[in-house]
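Take a look at the structure below.
Nothing in this text is a laboratory measurement; each read-out follows from the coordinates by a stated rule. Quick caveat: nothing in here was measured; it's all calculated off a predicted structure. Here the Cβ is made from the backbone with ideal geometry for all residues, glycine too, and neighbour counts use every protein chain on show.
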Amino acid sequence: MSEHRLHKHLDLIAVTISRMAQNSFLIRGWCVTVVTGILALAVQAQDSILVLTAALPITAFWLLDAYYLMTERRFRALYDKVRLTSDLDVDYSMDVAPILGQFGFWKAAFSFSLLAIYGVMVGLISIIFLVMEGLI
């Protein structure tokens, strides 16, 4: 019976991890959509300053994505902690407070996975801006 409790607790944590990953995926999709729309308007209007406004949603989505990545990492650590507990000690706690120091916000924000996505977008708007200004 207690083994069932452990598996149920691990399932609850796994569902939360999955939800954080899904939210992150949706945020990246929205970011690409919004930035593409702004860039299309900027190119059509031949307005290089409008290109730079694409940095605002990139920054906002980047920070939000970093929050979800940080939270996902904390729940992954909780999963590992619960996985190693005794079947008799299952308390269904979803508290990640003891794990707070291990996975900080800025560490998540500047992780390779986020830098690769959002860094490419920042590079893209920089190149488009420089081309529209005639500097390249």
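How large, in Å, is the chain by the Kirkwood hydrodynamic radius built from its alpha-carbon pairs?
Hydrodynamic radius (Kirkwood, Cα pairs) of the chain is 17.1 Å.
Over all alpha-carbon pairs of the range 1-81, lay out the pair-distance distribution in 10 Å bins, whole %, shortest bin first.
Computed distribution, short to long bins: 18, 32, 21, 15, 9, 4, 1.
Can you tell me the 0 to 90 degree angle between the C-alpha axis of helix 112-132 and the longest principal axis of the chain, rounded to 10?
10
At a threshold of 8 angstrom on Cα-Cα distance, excluding pairs fewer than six apart, so keeping six or more, what relative contact order does the range 58-117 reach in percent?
Relative CO of the range 58-117 lands at 54 percent.
For n ≥ 4 DSSP H runs only, could you compute -39500 (n - 2.57) per run for the chain, divide by its residues and tell me the 222 nm figure to the nearest 500?
-26500 deg cm²/dmol
Once you list every other residue whose beta carbon is under 13 Å from the beta carbon of GLY101, what net charge do they have if Lys and Arg are +1 and Asp and Glu are -1?
It works out to a net charge of +3.
Order the peptides 51-60, 122-131, 70-79 from the highest to the lowest mean number of other Cβ atoms within 10 Å of their residues.
Ranked by mean Cβ neighbours within 10 Å, highest first: 70-79, 51-60, 122-131.
Remind me, relative contact order of the chain in percent, using alpha carbon pairs under 8 angstrom and six or more residues apart?
Value for the chain: 35 percent.
Give the dimensionless ratio obtained when the Cα radius of gyration of the range 77-133 is divided by 2.2 N^0.38 Å. Please report the intermediate quantities before stating the final value.
On the way: Rg = 20.0 Å, N = 57, 2.2 N^0.38 = 10.2 Å.
That ratio works out to 1.96.
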